[in-house]
Amino acid sequence: MIPPKKRSEMEHNFFLALEDFNQRINSGDKDRIENAVWATAEHIKRVKTTPNNRVDVSTINKNMRLQANMRKWMDV
């Protein structure tokens, strides 16, 4: 799994993880919802945006970064 080399790649990976989180929440499957909330929700809440509405990459913690990069890797 190759880590992103550019900010835009990291943002893309983060939004893939965010989209996956939203799909799990909207699935209606209790187990998937509980897993998403347990594994991802706390990390997503901590991510901030900049005044121009871009993701502040410095606020993405290690766990969220790993999830985002793995989400990208799984799509390949």
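The values are calculated or read from the model by the stated rules, or taken from the named source; none is laboratory data. As the structure is a computational prediction, the values presented were derived from the model and not from experiment. Here the Cβ is made from the backbone with ideal geometry for all residues, glycine too, and neighbour counts use every protein chain on show.
One table, with the values for the structure above:
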item	result
Residue 70 being in contact (Cβ under 8 Å) with a residue 24 or more places away in the chain and over 14 Å from the mean Cα position of the chain (by Cα)	no
Count of residues meeting criterion [charged (D, E, K, R), loosely packed, with under 12 Cβ neighbours inside 10 Å and within 18 Å of residue 3 (Cβ to Cβ)] in the stretch 55-66	1
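A quick yes/no check of all residues on (1) among the small types (Gly, Ala, Ser); (2) surrounded by 13 or more Cβ atoms within 10 Å (Cβ to Cβ); (3) at pLDDT 95 or above:
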position	(1), (2), (3)
3	no, no, no
26	no, no, yes
39	yes, yes, no
53	no, no, no
68	yes, yes, no
75	no, no, no
